[in-house]
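Participant: I have a structure here, written as structure tokens, and I will follow up with some questions on it.
The values are calculated or read from the model by the stated rules, or taken from the named source; none is laboratory data. All values reported here derive from a predicted model rather than from experimental measurement. When we count neighbours, we look across all protein chains shown, and the Cβ atoms used for this are built from the backbone with ideal geometry, even at glycine.
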Amino acid sequence: MHDSVAHCVVPDSSVSRHLSGAEAAVIVVVIIVAAALHTGGMPPREALYLLGAAGLLSVTVTRLATGAPTRVLHHLARAQSASLSR
């Protein structure tokens, strides 16, 4: 097997990534909400839709908190202003 393929398949054990506080909080909240929905008797499909939406919302909030989408928002604002008729 080629070394480059092995590096793709076997992760480097010297590199470890820990969850940030925001990521851990999101995971805990999703687990708590899933347990509450199950206890409350919500149908599984509706629970999946709700948790999926909550997951997308949490990713969006986490990205906004870290400032990752600043460039995207800047480009969107610039495109919007360019498309306005003068």
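Participant: Please give the number of the condition Arg45 fails out of (1) modelled with pLDDT under 80; (2) more than 12 Å from the chain's Cα centre (by Cα); (3) among the basic types (Lys, Arg).
Facilitator: Just one mismatch for Arg45, condition (1).
Participant: Let me ask you something else. Could you tell me whether His38 is under 24 Å from the mean Cα position of the chain (by Cα), assigned to a helix (DSSP H, G or I) and either modelled with pLDDT of 80 or more or of a type outside the set (Val, Ile, Thr) (or both)?
Facilitator: Details: under 24 Å from the mean Cα position of the chain (by Cα): yes; assigned to a helix (DSSP H, G or I): yes; either modelled with pLDDT of 80 or more or of a type outside the set (Val, Ile, Thr) (or both): yes.
Criteria met by His38.
Participant: Quick one: what pairs do we get from the range 65-80, first residue on the phi < 0 side of the Ramachandran plot, second modelled with pLDDT of 75 or more, C-beta under 7 Å, 6+ apart or different chains?
Facilitator: Ala65/Ala22
Participant: Here is a follow-up. Which members of the range 30-55 meet the condition of being at negative phi and loosely packed, with under 10 Cβ neighbours inside 10 Å? Quick ask: steps written out before the conclusion?
Facilitator: Step one: filter the range 30-55 for residues at negative phi, giving 30-40, 42-55.
Answer for the range 30-55, where residues must be at negative phi and loosely packed, with under 10 Cβ neighbours inside 10 Å: Thr39, Gly40, Pro43, Pro44, Arg45.
Participant: Same structure again: Take Leu73 and decide whether it is under 29 Å from Val30 (Cα atoms) and at pLDDT 80 or above. Give the derivation first.
Facilitator: Values: under 29 Å from Val30 (Cα atoms): yes; at pLDDT 80 or above: no.
Answer is no for this residue.
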